[in-house]
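Below you'll find the structure, written out as structure tokens, and then a few comments.
The values are calculated or read from the model by the stated rules, or taken from the named source; none is laboratory data. Treat the numbers as computed from the prediction; the structure is a model and nothing was measured. A quick note on method: Cβ atoms are made from the backbone with ideal geometry, for glycine too, and the neighbour counts reach across all protein chains shown. When the accessible area is computed, the model is the full protein with side chains, heavy atoms only, and any ligands, DNA or RNA have been set aside. Shrake-Rupley method; radii C 1.70, N 1.55, O 1.52, S 1.80 Å.
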Amino acid sequence: SSVYAQTYVLNADSAIDVVSGKLISPATVVVEDNKIISVGKSNRKAYPKDAEVIDLSGHTLLPGLFDMHVHLTSDAHVHGYKRLQRTAPRAAITGVRNAKRTLDAGFTSVRNLGAAGYADIALRDAIIDGDVSGPRVNAAGPSLGITGGHCDNNLLTHEHKVFSEGVADGPWAVRQKVRENIKYGANLIKFCATGGVLSKGTKVGAQQYSQEEMTAIVTEAHLRGLTVAAHAHGTDGIKSAIKAGVNSVEHVSFVDDEAIQLAKDKGTYFSMDIYNTEYILGEGEKAGILPESLDKERKVGATQRASFTKAVKAGVNMVFGSDAGVYPHGDNGKQFSRMVKFGMTELQALQAATINSATLLKQNTQLGSLEVGKLADIIAVKGNPLKDISVMENVIFVMKDGKVEKQ
Ligand code: ARG
């Protein structure tokens, strides 16, 4: 170890090994530079002598959290026609604030599933460069979608000739769009397989891309080493996306037994934003959400929660995905208690937001658990989340890459 190394000793009541589910208590985690160098029962004699000791008594240590579905450049109070007033530069600036809020909520890694103007990629790079603070951002750039579909912008009449940047129809056009997103820095691909709640004029249950197009997107992305996330509420679209080989399906509202079996066979992850419905129905009208979208939400919310229960029971691979940006950034952790309410154990909910997400991103040798050799993304909450999951709504300490970001 170098004489210049920054060493931290974190002393807490306990630490959760999210892989085994075991509670280590009392716990000491030692960090040198950006790596975890020891995890175990407290042992004062073992402290490196120039270490900075952080007292987290009364608290539980966990690995940094992952939210697999956010839109950092979107704001919860700007919906519907209000979004037409937002330029990509304006969105990037709000993204700076939202990135900090997300990090402060304990989420040290996110997937940003769609942004106009490659604003998410600019934000990711600004965080990497140290210009602003935020989580590790895995960014999709503009989401791919059919003309007039959920990932298009359908708010204006044809005279205005407005299309979202990710619109592409046909197998070669979608492959070209994947290549374009990679050219401009995307490190994953997002596409819309079905209609959605918040888009104008789309049927939430109806498939949009054909099987042929979805297969083309996934084949091209995988060829280039990128993972793929598919937005899908409707049953047929969910199945086609899984058959195409997507790494995760988002929302998964109208799932059936066949789709659940397909996901299990293929190892597909489900990322289900089951807190979202409470915000949309409670605050959505004020925020500008269209009346037709509120109607769609009334048909989706409860069904999605029942689908979540079924998928958990069946043993589908589950990750934590909130769709924050639709609702306020920083409130991501509110979804934990809903995940437990609708069928997960506390440990399963924590695994969804840590080791499972890291595995989906193929980052599990580096992140996702408190293990020697992994990157030092560490958070602390008051009390014990295995007993009361709602403590995840109040993260009091955040370290990312060995740097203290919140204390
Ligand atoms: N972005 C998603 C859509 O517009 C949000 C769905 C929210 N509703 C829900 N019940 N999860 O389709």
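Taking segment 243-286 as the range and being within 16 Å of the ligand (Cβ to nearest atom), more than 16 Å from the chain's Cα centre (by Cα) and farther than 30 Å from LYS82 by Cβ as the test, only VAL255 passes. Looking only at residues of segment 323-353 that are more than 14 Å from the chain's Cα centre (by Cα) and of a type in the set (Ser, Thr, Tyr), we find that the one that is most open to solvent (accessible area, probe 1.4 Å) is THR345. Residue count for segment 201-216 satisfying the condition of being away from the ligand (no atom under 12 Å from the Cβ) and β-branched (Val, Ile, Thr): 1. Look at segment 218-242: where a residue is touching a residue at least 60 places away in the same chain (Cβ under 8 Å) and within 15 Å of the ligand (Cβ to nearest atom) and a partner is open to solvent by 30 Å² or more (accessible area, probe 1.4 Å) and of a type outside the set (Lys, Arg), sitting 6+ places away or on another chain with Cβ atoms under 7 Å, you get HIS231/HIS150; HIS233/GLY205; HIS233/PHE254. Look at HIS160 and say whether it is more than 16 Å from the ligand (Cβ to nearest atom) and more than 27 Å from MET399 (Cα to Cα). For HIS160, the condition - more than 16 Å from the ligand (Cβ to nearest atom) and more than 27 Å from MET399 (Cα to Cα) - is met. With respect to the conditions (1) closer than 27 Å to THR268 by Cα; (2) open to solvent by 60 Å² or more (accessible area, probe 1.4 Å), GLU393 falls short on a single one, namely (1).
Is it the case, given these coordinates, that VAL19 is surrounded by 15 or more Cβ atoms within 10 Å (Cβ to Cβ) and assigned to a loop (DSSP other than H, G, I, E, B)? Yes.
Let's see how each residue does on (1) more than 30 Å from LYS382 (Cα to Cα); (2) of a type in the set (Ser, Thr, Tyr); (3) open to solvent by 40 Å² or more (accessible area, probe 1.4 Å); (4) in contact (Cβ under 8 Å) with a residue 40 or more places away in the chain:
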| residue | (1), (2), (3), (4) |
| --- | --- |
| PHE107 | no, no, no, yes |
| ALA115 | yes, no, no, yes |
| ASP125 | yes, no, yes, yes |
| GLY148 | yes, no, no, yes |
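With respect to the conditions (1) farther than 22 Å from LEU65 by Cα; (2) within 16 Å of the ligand (Cβ to nearest atom), ASP120 falls short on a single one, namely (1). Do we have VAL178 as buried (at least 24 other Cβ atoms within 10 Å of the Cβ), more than 25 Å from LEU294 (Cβ to Cβ), in contact with a helix residue (DSSP H, G or I) (Cβ under 7 Å, 6 or more places away or on another chain) and of a type in the set (A, V, I, L, M, F, W, C) here? When the stated conditions are applied, VAL178 passes them. Just one residue in the set ASP55, ASP50 is among the charged types (D, E, K, R) and modelled with pLDDT of 95 or more; that residue is ASP55. The single condition among (1) open to solvent by 50 Å² or more (accessible area, probe 1.4 Å); (2) out of contact with any Leu (no Cβ under 8 Å at 6 or more places or on another chain) that GLY141 does not meet is (1). Exactly one residue among ILE24, ILE36 is within 25 Å of ASN356 (Cβ to Cβ), surrounded by 15 or more Cβ atoms within 10 Å (Cβ to Cβ) and without any contact (Cβ under 8 Å) to a residue 24 or more places away in the chain, and that residue is ILE24.
Those residues that are open to solvent by less than 10 Å² (accessible area, probe 1.4 Å), more than 11 Å from the ligand (Cβ to nearest atom) and either on the phi > 0 side of the Ramachandran plot or touching a Lys or Arg at 6+ places or on another chain (Cβ under 6 Å) (or both), I need them from segment 183-200; list them, please. Across segment 183-200, there are no qualifying residues.
Filter segment 287-310 for residues that are without any contact (Cβ under 8 Å) to a residue 40 or more places away in the chain and more than 11 Å from the ligand (Cβ to nearest atom) and give the result. Once the filter is applied, which keeps residues that are without any contact (Cβ under 8 Å) to a residue 40 or more places away in the chain and more than 11 Å from the ligand (Cβ to nearest atom), segment 287-310 yields PRO291, ASP295, ALA306, THR309.
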